1. Limited to the range 282-325, what total is found for residues that are of a type in the set (A, V, I, L, M, F, W, C) and farther than 19 Å from THR272 by Cβ?
2. Given the condition at pLDDT 90 or above, aliphatic (A, V, I, L, M), out of contact with any Cys (no Cβ under 9 Å at 6 or more places or on another chain) and in a loop (DSSP other than H, G, I, E, B), answer yes or no: does some residue in the range 292-302 qualify?
3. Tell me yes or no: at least one residue of the range 220-227 is at pLDDT 95 or above, within 30 Å of GLY4 (Cβ to Cβ) and open to solvent by 40 Å² or more (accessible area, probe 1.4 Å).
4. Residues to consider are VAL248, VAL258; find the one that is within 24 Å of GLY105 (Cβ to Cβ), within 19 Å of the chain's Cα centre (by Cα), among the aliphatic types (A, V, I, L, M) and modelled with pLDDT of 90 or more.
5. Restricted to the range 171-200, and to residues that are in contact (Cβ under 8 Å) with a residue 40 or more places away in the chain and open to solvent by 60 Å² or more (accessible area, probe 1.4 Å), which residue is farthest from MET131 (Cα to Cα)?
6. Looking only at residues that are outside any helix (DSSP H, G or I) and of a type in the set (A, V, I, L, M, F, W, C) in the range 93-123, which one is nearest to ASP161 (Cα to Cα)?
7. Considering (1) at pLDDT 95 or above; (2) open to solvent by 10 Å² or more (accessible area, probe 1.4 Å), say which one ASP43 fails and leave the rest.
Amino acid sequence: HKQGKNVIATANLFSDATIVPSSSRGPAHDGRIKPDISANGQDHISTNEDNTYFAFGGTSGAAPAIAGIAAVLQEVYQTQNNETAPAALLKAVMMNTANDLGNVGPDFIFGWGHVNAFKAAQLIEDNRYEMRTINASDSDMVTISVPENVKELKVMVYWSDVPAAPGTSKSLVNNLDISIEDGAGVISMPWVLDHSPDPALLNLPATKGMDDRNNMEQVSILNPTQGDYSLRINGTEIPFGSQEYFIVTEYIMNDITVVYPLGGESLVPGETERIHWDTGSDNTDEFLIEYTTDGITWETIGTASASSRMMDWLVPNEITGSVRV
């Protein structure tokens, strides 16, 4: 079942976002990108027999995290639109807002990256999505308006594909192809992976080109200039009527956002909390993490590498409502 085009196959991460060695890797039998996304599923505490608890881990722990986040996103969407969100949209939102892990772009270990529920909810709240329909051989053109101070533009087109014939060597039935053109006429193509059955080739970073395997395509542009970009969607192969698809857009800004603590939490002195932050994907500088109890004097928590997005913090013995990280 995890080979399915429209399901969400989840890789298993340790809490520090490193891969658990037992986590299944892709590609699917026909070269499609699997897993789809990654989540922490290791070293969880769960109920055990005889009214006790025990530590466990696996994709059986990572997949429920994705299910829970999907439920939260469903609530966000329903609050916005007073109707149920299409499953395909929620999957696309989670994949396009995931924190990239491993090789740049998608890969056969982490999929599209580490799920980021905060950014996924923001995308829905900002209405950075659109549903459209396309017919065979048709071409749609959509304008993407990029604001200033964007470090990376990510645009994904996703569609829930119809079942392929049993026993076929290629699962994709309806093939949509996308590209983005900037104001100067430069065309950017989506990520593609080499799915040749060779360990060295499967570990190669993604490149850019035409994708005829997956029912999702993502174009990523680093340091885009402010202005309008043209997203082209071609109905390359749609043998049965028309195909509904979703466009989701993510802007990774050139700044740092503290995701947790967000404000208003009650932290207990002596307990360990994990600080999370987001920033531009190609950041090369170390991070300095500090806290203040009065908004004037700052104490150092520690430094983190350029690739880090989290750090554990032993909450100090301070009783105040004015702590900031």
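The values are calculated or read from the model by the stated rules, or taken from the named source; none is laboratory data. Keep in mind that what you see is a predicted model, and the values were worked out from it rather than measured. Every residue, glycine among them, receives a Cβ derived from its backbone with ideal geometry; neighbour counts consider all protein chains shown. We work out accessible area using only protein heavy atoms, side chains counted, and drop any ligands, DNA or RNA first. Shrake-Rupley method; radii C 1.70, N 1.55, O 1.52, S 1.80 Å.
1. Number satisfying all stated conditions: 4.
2. Looking through the range 292-302, at least one residue is at pLDDT 90 or above, aliphatic (A, V, I, L, M), out of contact with any Cys (no Cβ under 9 Å at 6 or more places or on another chain) and in a loop (DSSP other than H, G, I, E, B).
3. no
4. Numbers: VAL258 fails: within 24 Å of GLY105 (Cβ to Cβ).
After ruling out the rest, the residue left standing is VAL248.
5. Of everything passing the filter in the range 171-200, HIS195 is farthest from MET131 (Cα to Cα).
6. Looking only at the range 93-123, we keep the residues that are outside any helix (DSSP H, G or I), and these are 98-116.
Add one more test, that the residue is of a type in the set (A, V, I, L, M, F, W, C), and what stays is 98, 101, 104, 108-110, 112, 115.
Working: ALA98: 22, LEU101: 26, VAL104: 26, PHE108: 21, ILE109: 23, PHE110: 22, TRP112: 19, VAL115: 23 Å.
Step by step, filter the range 93-123, then rank; the result is TRP112.
7. (1) is the only condition that ASP43 fails.
Results for (1) aromatic (Phe, Trp, Tyr); (2) outside any loop (DSSP other than H, G, I, E, B); (3) surrounded by 11 or more Cβ atoms within 10 Å (Cβ to Cβ), shown as yes or no for each residue.
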site	(1), (2), (3)
PHE246	yes, yes, yes
ILE252	no, yes, yes
ILE275	no, yes, yes
GLY280	no, no, yes
